1. For I95, I170, what ranking results if the residue with the fewest other Cβ atoms within 10 Å of its Cβ goes first?
2. Among V365, G324, Y251, flag the residue with its Cα farthest along the positive direction of the charge dipole of region 246-383, charges on Cβ as +1 for Lys/Arg and -1 for Asp/Glu.
3. Neighbour counts of other C-beta atoms within 10 Å: give me S123, S237 arranged from fewest to most.
4. Just want to confirm a number: the relative contact order over region 246-383, from Cα pairs under 8 angstrom separated by 6+ residues, in percent.
5. Based on the mean of other Cβ atoms within 10 Å per residue, sort peptides 210-222, 405-417 so the most packed one is first.
6. Mind giving me the FRET efficiency for I411 and D69? R0 is 60 Å, r the Cβ-Cβ distance, nearest 0.05 is fine.
7. Provide the gained length on full extension for the span E182 to R215, in nm with one decimal, where the gain is 0.36 nm per separating residue minus the Cα-Cα distance.
8. Can you tell me the order of 443-454, 150-161, 286-297, 64-75 when each peptide is scored by its average per-residue count of other Cβ atoms within 10 angstrom, highest first?
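Throughout, read-outs are computed from the coordinates displayed, never taken from laboratory work. It should be emphasised that the depicted structure is a prediction, and the values quoted were computed from it without experimental measurement. Methodologically, a virtual Cβ is constructed for each residue, glycine included, from the backbone with ideal geometry; neighbour enumeration extends over all protein chains shown.
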Amino acid sequence: MFRPAGFYSDSENDSDFDYDFCYNNSEAKKDTTRTEYSPPVMVESNDDLLYKAVTEGNLEEVKRVLELDPYLLTCCLRQGWPLLLLACNEAQFDIVKYLLEVRRLDVNQANGLSTALMATCSSKCNPESVLRVAELLLDFGAVINCKDAYGMTPLMFAIVNDHPDVVRLIIDQTSLEATDNEGLTALFHAVNNRRVEMVQMLLKAGAMVDNVNRRGYTPKQEAEFRGYNEIADMFPSEKDCFEIPYKYLGYGHYRDIMQGQTENDLPGYHQEIGLLLYGMYSDQHLTLFAKEDFDLLRFLTLTDDELKELGFKLPFERKKILFGLMKFHRQAWSKRSLKKYPQGHRYDSYDILEMLGNHLKQMTVLHASLIHVAQMIPSAELKSKFAPELDSCHRKVDQLQQTMAAFGEEIRRIHSLTAPEPVLYVNQNRCQSGRVCWFTRVLKLSLLSAVVSLVVYKRLKA
């Protein structure tokens, strides 16, 4: 008898059942008893326990978890926030105070440029709790004038999230003209979010009302566009807009680079002020300097008192400009700053004029740097510390003056041998002499007319 493939048995039993394609019933039977399902036990990690303790304000649990896992004190939790920023965003005063006083965490630690003060100002919690945490952070030295990756400042976060008490707390210590990555100031954020009380506070603090956003709207025009009439009525009436003179925007006249008729009539190099302010991230203040007609020499020798008189109320804004000026004056002067032409170049009068203008500009910069050093260091200390250098400088200046005097005499001698002044050359003396000649001619003609009229009158009368 043939067995099915794959089956083998040593017994000689030829039972059809044993060698069929079916299995034995006893082997195919399974236990069909239904057992009750029990889900796996989920064990919370220390990360989750700490997050839950912070959101619930459980300080004792926070202490216990930190004792078990001190690494969680400074690392980012599973939700993406460091412990301090999470506690600030949840406005948990006791936990924040514990982390700052006992655990000695840095109040200005940042997470992606976001600070604890920013997390507090962006909180959705009770405004009173948010204010308490903000005051605590400021007491520990939290930096107010800072920006996150989107250019948002703590003041902007407090405005967007409707925390007027926090705005009132920091408005006198922050920059009102700081802009985010969209070019919006704090006043624009207050208008866009319809924060009537905060708009009033910003206007009272002196926020600029003539800034424009990317659509070309001022804050008042933005309020009118959105239909916020109660906010638009708070702005002052439209006034004449000050237009920055072109001399602050570019070179447009030869007098911008060359000296005038007198020694004191020097070029102002006004267009360089805007470039320097741009490097200091303060180009929005160019209008203030243009209104006072600042030139480059006066700008490079600014002091803190002069900035106060100009209207810079915030120490942060003044220090930013003064620090930029200090960095400028600390740069070592190089001969490569002078205008040079390659060998074999055929000079013309314009090339010489350009070289002289460049030399004059560099002398103005050096003059400003010397004044800045004299302002920073007392004169007695300066003389005692740099006596050899000053003596050498005086000798070289005297030699240079003698050389320039001899050069001037030679130029005048050459001019005396050449043809007279060109007919079209007009200087200050010729202008004055022209006015005198014109007045003399008018006077002579008037007298002659009077005499002729008198003679004719007498003859007609006779």
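1. I170, I95
2. G324
3. So the ranking, lowest neighbour count to highest, is S237, S123.
4. In percent, rounded to a whole number, it is 23.
5. Ranked from most to least packed, the peptides come out as 210-222, 405-417.
6. 0.10
7. Stretched out fully, the E182 to R215 stretch lengthens by 10.8 nm.
8. In decreasing order of mean packing, 443-454, 150-161, 286-297, 64-75 become 150-161, 286-297, 64-75, 443-454.
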